[in-house]
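> I'd like to ask some things about the structure below.
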């Protein structure tokens with residue numbers, strides 16, 4: 001196996017701070033990884049007028065195994081065009097159709113739900129990542145007048161729907177999870193919902209050991225708050241997946257802990273915390289680095305280092321439970337000190353769940 005090559009794109013705001021800690025953890029593992037920093041973000045855009053070029057995207061696809069992205073968004077670029085070009089551009093141009101969002105409670109004190117323990121909140125969301133309303137199809141007519149019309153198209157293809165559903169079933173089979181939940185709004189969106197439900201039923205026949213169920217997204221959102229322990233694998237479209245995964249993150253302690261993977265199996269894939277650039281706290285040294293570190297753990301699993309992935313996840317859990325964390329998690333550490341705490345747990349030797 002050749003040395004995996006990873007592009008680090010810290011981006012904007014706290015992205016630079018949290019990626020630095022994720023890089024620190026990756027180096028502490030002493031793996032044969034080539035980590036290459038890329039300058040792309042608001043500073044680069046303001047200096048060059050370029051967010052990311054097609055040639056650079058092609059280079060990432062051709063010469064890199066993975067991308068670790070910090071965060072994008074800067075008030076100096078009010079349109080956030082650079083953020084859309086980089087994040088959505090990479091998702092679409094690299095065809096990263098799986099947005100994988102694990103939701104796992106690391107410490108019972110962090111959930112806003114009463115009487116829920118760590119084992120009650122442990123599920124994953126498979127969000128379709130290249131279709132839906134995010135493709136930008138639509139337009140406005142008579143803009144700025146009382147008669148303005150705005151149309152936003154929700155694009156769903158059989159290919160796109162089937163491959164995300166199949167990915168979710170394959171994950172459930174590999175993990176021996178007995179039930180998978182499809183979430184949609186088929187009662188209001190009969191055409192898109194019909195395609196999702198038909199495909200879900202057809203693919204499900206190939207996995208007879210897994211119970212398939214379909215729930216409307218509003219029902220699922222309510223039930224995740226009421227009894228999250230019932231759910232282990234959820235598969236859904238782009239918009240609903242965006243909403244449900246952020247709901248799940250809050251159930252598990254907030255966006256500062258939320259990791260994500262944007263994946264096309266066998267291709268260059270992108271990993272990122274989902275908390276945004278948080279300009280209000282950037283530069284203050286209090287940003288939570290654990291989402292970025294946990295995203296790097298997902299990246300390690302994708303690159304073929306499952307043992308190291310587990311070690312990093314356990315080290316983060318121990319730091320959280322010991323309150324060796326930033327203030328948002330009840331700790332008093334700086335961003336750098338929280339990252340160092342994870343490195344210290346890694347250095348203590350073999351970690352077991």
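All of the numbers you see were taken from the coordinates with simple rules; none came from a lab. Worth saying up front: this structure is predicted, and the values here are computed from it rather than measured. All Cβ positions, glycine included, derive from the backbone under ideal geometry; neighbour counts span all protein chains shown.
> So, R0 is 22 Å and r is the distance between the beta-carbons of residue 267 and residue 307; what FRET efficiency does that work out to, to 0.05? Display every interim value, and only then the final one.
Working: r = 23 Å, r/R0 = 1.05.
Here the calculated transfer efficiency is 0.40.
> When the chain is treated as a GNM, springs tying every alpha-carbon pair under 10 Å, which of 289, 112, 228 comes out with the largest mean-square fluctuation?
Fluctuation is largest for 112.
> Just from the alpha-carbon atoms, what are the Rg and Dmax of the chain in angstroms?
20.2, 66
> How far apart, in nanometres, would the label points at residue 62 and residue 47 be if each is projected 7 angstrom from Cα along the Cα-to-Cβ direction?
2.4
> If you don't mind, another one. Can you compute the helix-only [θ] at 222 nm over the chain? Use -39500 (n - 2.57) per DSSP H run of at least 4 residues, normalise by all residues, nearest 500 deg cm²/dmol.
-12000 deg cm²/dmol
> Ok, one more. Show me 210-216, 98-104, 136-142 ranked by packing, highest mean number of other Cβ atoms within 10 Å first.
98-104, 210-216, 136-142
> Distance from the Cα centre of region 96-143 to that of region 279-343, in angstrom?
Rounded to whole Å, the Cα centres lie 20 Å apart.
> Could you tell me which of rounded, prolate or oblate describes region 224-307, using a ≥ b ≥ c as the square roots of the eigenvalues of the alpha-carbon gyration tensor, with rounded for a/c under 1.5 and, failing that, prolate when a/b is larger than b/c and oblate otherwise? Before the final figure, lay out the partial values.
Values: a/c = 1.68, a/b = 1.05, b/c = 1.60.
Oblate, since a/c reaches 1.5 and b/c is not below a/b.
> Next question. Hey, rough spin-label estimate for residue 188 and residue 323, points 7 angstrom out along Cα→Cβ, what's it come to in nanometres?
With each label point 7 Å from Cα toward Cβ, the separation is 4.2 nm.
> Moving on. Would you mind calculating the gained length between residue 31 and residue 348 on full extension (0.36 nm times residue separation, minus the Cα-Cα distance), in nm to one decimal? Numbers along the way, then the final one.
Working: separation 317, 0.36 × 317 = 114.12 nm, distance 1.66 nm.
Length gained between residue 31 and residue 348: 112.5 nm.
> Would you kindly state how much longer the chain becomes between residue 218 and residue 84 on full extension, computed as 0.36 nm times their sequence separation minus their alpha carbon distance, in nm to one decimal?
45.5 nm
> Determine, from the Cβ-Cβ distance of residue 109 and residue 147 and an R0 of 56 Å, the FRET efficiency 1/(1 + (r/R0)^6), rounded to the nearest 0.05.
0.60
> Evaluate the relative contact order of region 226-281 (contact order divided by residue number), counting alpha-carbon pairs under 8 angstrom at least 6 apart; express in whole percent.
With pairs under 8 Å counted, the relative contact order is 22 percent.
> In nanometres, what is the gap between the two model label sites at residue 243 and residue 332, each 7 Å from Cα along Cα-to-Cβ?
Here the answer is 4.2 nm between the modelled labels.
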